[in-house]
1. In the list 190, 184, which residue meets the criterion of being assigned to a helix (DSSP H, G or I), modelled with pLDDT under 95 and buried (at least 17 other Cβ atoms within 10 Å of the Cβ)?
2. Looking at (1) closer than 20 Å to residue 15 by Cα; (2) surrounded by fewer than 21 Cβ atoms within 10 Å (Cβ to Cβ), which is the only condition residue 104 fails?
3. Within region 34-146, considering only helices (runs of 4 or more DSSP H) that don't extend past its boundaries, which have at least 1 residues that are assigned by TED's automatic domain parsing to the domain that holds residue 157, in contact with a helix residue (DSSP H, G or I) (Cβ under 8 Å, 6 or more places away or on another chain) and within 17 Å of residue 165 (Cβ to Cβ)?
4. Tally up the residues in region 147-174 that are in contact (Cβ under 8 Å) with a residue 60 or more places away in the chain, under 26 Å from residue 258 (Cα atoms) and not in a helix (DSSP H, G or I), please.
5. Restricting attention to region 229-255, and to residues there that are more than 14 Å from the chain's Cα centre (by Cα) and modelled with pLDDT under 90, which single residue is surrounded by the fewest Cβ atoms within 10 Å (Cβ to Cβ)?
6. Would you check if there is a residue in region 200-223 being buried (at least 19 other Cβ atoms within 10 Å of the Cβ) and modelled with pLDDT of 85 or more?
7. Restricting to region 18-47, and then to whatever is closer than 17 Å to residue 62 by Cβ, in contact with a strand residue (DSSP E or B) (Cβ under 7 Å, 6 or more places away or on another chain) and without any contact (Cβ under 8 Å) to a residue 24 or more places away in the chain, can you tell me which residue is surrounded by the most Cβ atoms within 10 Å (Cβ to Cβ)?
8. Looking at this structure, is residue 278 within 21 Å of residue 173 (Cα to Cα) and at pLDDT 80 or above?
């Protein structure tokens with residue numbers, strides 16, 4: 001069984017690495033926060049002092065990092081993965097980055113006889129057994145098949161998206177579409193509630209249709225918007241703002257008009273500028289829309305609405 005080196009044990013990387021370790025793969029871990037490595041050490045994982053040391057001890061190296069600059073630094077900076085990687089090893093980045101980054105890294109790793117894949121992840125239903133719903137992988141098909149058992153330890157849908165960089169492209173499109181749909185749903189719900197429909201009834205009418213069944217908000221809206229709880233779970237707004245920004249940048253690079261995505265991006269920029277960067281990614285647009293519409297979408301046990309002199313609608 002191949003030894004897996006995992007770098008980045010944060011809110012997304014930590015659970016992913018945990019699934020891999022529980023699947024029985026020997027592991028080496030590295031994180032700048034020593035506290036994050038402790039649970040893995042207690043379950044017999046080795047803890048490396050650097051990305052370079054981790055790469056020397058691993059067959060497959062995975063990074064889960066917040067920003068593209070972090071990926072680049074860990075991959076090929078001082079004491080980085082590139083310095084320690086062995087021939088025939090595989091480097092897999094599951095972060096969300098522009099496709100150009102992984103394509104720029106590939107020749108550097110190829111020169112050392114190693115392989116590279118991009119494999120960003122999309123979150124699934126909260127509480128799912130393996131935590132991650134979809135893994136979108138770009139790179140050589142044979143290398144993909146080699147690491148697929150590791151990816152399946154945390155993903156219930158592991159898809160080969162095509163050549164290197166295609167996984168990243170699919171993830172950016174995924175995030176762009178989700179953000180645009182989120183804004184549309186936020187506008188629709190505030191309209192319906194302010195027009196007098198009870199929140200619970202309105203949501204049932206929406207979620208039982210096509211949009212509700214296919215969209216991540218099917219799970220998130222009742223837990224956040226209707227409870228007036230916009231604190232982040234595993235994916236904060238500031239990272240979604242980064243993802244959508246990368247998508248619109250790719251659109252400009254390829255001369256593809258993205259008017260709706262650009263509007264959604266500006267909503268995210270406004271929310272981050274308000275200091276909401278650590279709030280829930282896909283539902284903070286609802287908070288902005290509530291302010292503009294002067295209506296609350298939160299619901300209490302009875303679900304009955306009443307007007308307020310300020311123009312807001314509340315629930316008794």
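1. 190
2. With (1) closer than 20 Å to residue 15 by Cα; (2) surrounded by fewer than 21 Cβ atoms within 10 Å (Cβ to Cβ) applied to residue 104, the lone miss is (1).
3. Qualifying helices (runs of 4 or more DSSP H): 68-76, 99-110.
4. 2
5. Filtering first and then ranking leaves 231.
6. Scanning region 200-223 turns up at least one residue that is buried (at least 19 other Cβ atoms within 10 Å of the Cβ) and modelled with pLDDT of 85 or more.
7. 46
8. no
The values are calculated or read from the model by the stated rules, or taken from the named source; none is laboratory data. Not measured: the values here are computed from a predicted model. Note that we place each Cβ from the backbone using ideal geometry, even for glycine, and neighbour counts take in every protein chain shown.
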